[in-house]
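Below is one structure; the comments refer to it alone.
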Amino acid sequence: MKKQNSFLGFLLVGFGLYFLLRQFNIPLLNQFYSWPTLLMIAGVAFLLHSYMTKDYSNIFTGALLLGFGIHFHGITHFAIWIDHWSMYLLIIGIAFLLQYQKTKKGLIPALVLLGIALFALLVPTAPSWFSWIQLVFQWIERFWPVVLIVFGFYLLKKK
């Protein structure tokens, strides 16, 4: 398998299966015909590419996209799903942990983010100094397209 083409191949197969199943309009799969599924497909493509080619530089991206896709599906389809800002930190922490597993980079951010997320999820009343984090995530939830644009420009300018 060629390294350059494997990601694009996985992505095209995933999107092709998505749109083919959507055309068949299988009632059991109707809940998956949404944009979080596209995030999940892209995440799985990144992860498959990383693990199959042993180029682990995209594990973080794949885990992040897959995690966000699962989270957004969970919010939409399961009443018991936790819709709390700390879930985003938990997903990012898990992505760092998966990256650390193969590259030995990112353990400290993983542990810090997982610790903050678990603290916020498990403590019934958060301390008052913790409210600024909730305000930041409320802003991000409201203006997430702007965050994507800013992050995109950052990636374009990064050397």
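All of the numbers you see were taken from the coordinates with simple rules; none came from a lab. Quick caveat: nothing in here was measured; it's all calculated off a predicted structure. Every residue, glycine among them, receives a Cβ derived from its backbone with ideal geometry; neighbour counts consider all protein chains shown.
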In degrees, nearest ten, helix 131-142 long axis to first principal axis of the chain (Cα): 30
For segment 63-110, what is the Kirkwood hydrodynamic radius in Å, using each pair of distinct C-alpha atoms? 11.3
For peptides 89-99, 74-84, sequence by mean Cβ density within 10 Å, most packed first: 89-99, 74-84
Using the Cα centre of the chain as the reference point, and only Cβ charges (+1 on K/R, -1 on D/E), how large is the resulting charge dipole? Debye, rounded to the nearest 20. 700
Quick one: what are the phi-derived ³J(HN,Hα) couplings along segment 81-97, Karplus 6.51/-1.76/1.60 with θ = phi - 60°, whole Hz, x for glycine and proline? 5, 7, 9, 9, 4, 5, 5, 5, 5, 4, 5, 5, x, 5, 4, 4, 5
If you project the alpha carbons of segment 26-90 onto the principal axes, what extent comes out on each, in Å, largest first? 38, 34, 14
Using only the Cα atoms, what convex hull volume per residue in Å³ does the chain have? 149
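In the calculated pair distance distribution of segment 87-129, what percentage of Cα-Cα distances lie above 15 Å?
Working: 379 of 903 pairs.
Across segment 87-129, Cα pairs with separations above 15 Å total 42 percent.
With N residues in segment 86-159, what two-decimal value do you get for its Cα radius of gyration over 2.2 N^0.38 Å? Kindly include the intermediate steps, with their values, before the conclusion.
Working: Rg = 14.4 Å, N = 74, 2.2 N^0.38 = 11.3 Å.
That works out to 1.28 for segment 86-159.
Counting only pairs 8 or more places apart or on different chains, how many lysine pairs in segment 1-126 have C-alpha atoms closer than 17 Å?
Numbers: LYS2/LYS54; LYS3/LYS54; LYS54/LYS102; LYS54/LYS104; LYS54/LYS105.
Summing the qualifying lysine pairs gives 5.
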